[in-house]
Amino acid sequence: MPVILAIESSCDETSASVCADGAILSNVIANQTIHEAYGGVVPELASRVHQQNIVPAVQQALAKAKVSKNDIDAVAFTRGPGLLGSLLVGVSFAKAFALAKQIPLIEINHMQAHILAHFIAEKKPSFPFLCLTVSGGHTQIVLVKDYFDMEIVGQTLDDAAGEAMDKTSKILGLPYPGGPLIDKYARQGNPDAYQFPEPQIPGYDFSFSGLKTSILYFIRDNVAKNPDFIEQNLPDICASVEKRIATILLNKLQKAAKAYGIKDVALAGGVSANTGLRLALQEMAEKNGWNSFIPKMEYCTDNAAMIAIAGYHKYLKGEFVGQDVAPMARMAF
Ligand code: KG4
Ligand code: ZN
């Protein structure tokens, strides 16, 4: 019955989790609010705050799990992809802990972990399944053949879906991170109020840069005619943008599911917290006779529980790494 301590520090959340025999006992997430003033994550500041947060986050995760440092059998950590300065804090902490306790180290790919978060819940997808992973840095359709046998069948050619959310909110003058705010205002708006274009990209790839430009021009032209345009129409604008982003994502997912003959489809990553996208996937799943899988909110955005569950499955395979391991800003599957 392995007890695993997991560390996540790839972007601006410092998180620690303890899992025993595949069951999550704690998942502590320290959010960094310092970046709000800058309209985006400032890497240098992120790594400094990780440095302050990492020890308290681990202490809290151990306390909540009612586990002592001496009970830990292995340490799992995010090796990449992510911000190098942020990753360095988590990787160094994990290495030091493992060295002090003479226990194995398990490296985890952050994007695989977002997908493996589905194995925390009781209702788990069956292999092979398709996962639409949508975050601030990535937008991927992944064919998941086994825990660590994954193939990217489609991805964004430019901006990520989360970036499209965040950039739209910036255009609207909302604070960072904008995704949750777009979600909030969209709930009170009409998703068919405004039509934004759907890019025609071949295969299962995505593009969001054209959408961003069309939103920018749309707002600029309307504000020129009516300076209060944003204030008067914020819910309708947010609902219409959210709907377009969701249809761009789900139309490609549907195309891929048909081509690969897949019946189990899943959503992962920070943008999977979006209410409109969650509802639209459920609707599409019902129409197509799919089983759909959407993680609990706390496992959508960055968290160490997903690193812990991924670490548990690597522990079972005996896949460990040595003290010479280094973080990777870019990391393939
Ligand atoms: O996975 P994540 O926490 O961090 C990365 O690895 O990037 O994803 C963060 C992204 C941000 O772009 C944020 O705006 C978006 O997820 N996001 C949302 C919502 N919650 C977070 N986007 C739309 N609706 C939400 N409710
Ligand atoms: Zn993430």
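A compact table of results
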| read-out | value |
| --- | --- |
| Å² per residue, accessible surface of the chain at 1.4 Å | 43 |
| Filter on LYS95/LYS167; LYS167/LYS225; LYS64/LYS252; LYS66/LYS314; LYS170/LYS252 - keep pairs with C-alpha separation over 29 Å | LYS95/LYS167; LYS64/LYS252 |
| Binned Cα-Cα distances of region 1-59, short to long, each 10 Å bin given as a whole percent | 24, 44, 22, 8, 1 |
| Under 5 Å, built H, 5+ apart or other chain: amide partners of ASN291 | ASP264, VAL265 |
| Ranked by how many other beta carbons lie within 10 Å on average, peptides 21-29, 111-119 from highest | 111-119, 21-29 |
| Charge sum, other residues only, whose C-beta stays under 13 Å from VAL3's C-beta, Lys/Arg counted +1 and Asp/Glu -1 | 0 |
| From the C-alpha gyration tensor of region 101-200, square roots of 5λ in Å | 32, 18, 14 |
| Antiparallel bridge percentage (DSSP; both residues within the chain; nearest 5) | 60 |
| Rounded percent of accessible protein surface that carbon and sulfur make up, the chain, 1.4 Å probe | 52 |
| Size descriptor, Kirkwood hydrodynamic radius, that averages inverse alpha-carbon separations across the chain, Å | 20.4 |
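The values are calculated or read from the model by the stated rules, or taken from the named source; none is laboratory data. What you see is a predicted model; the values in this text were computed from it and never measured. Positions of Cβ are generated from backbone atoms using ideal geometry, with glycine treated the same way; all protein chains shown enter the neighbour counts. Heavy atoms of the whole protein, side chains included, go into the accessibility calculation; ligands, DNA and RNA do not. Shrake-Rupley method; radii C 1.70, N 1.55, O 1.52, S 1.80 Å.
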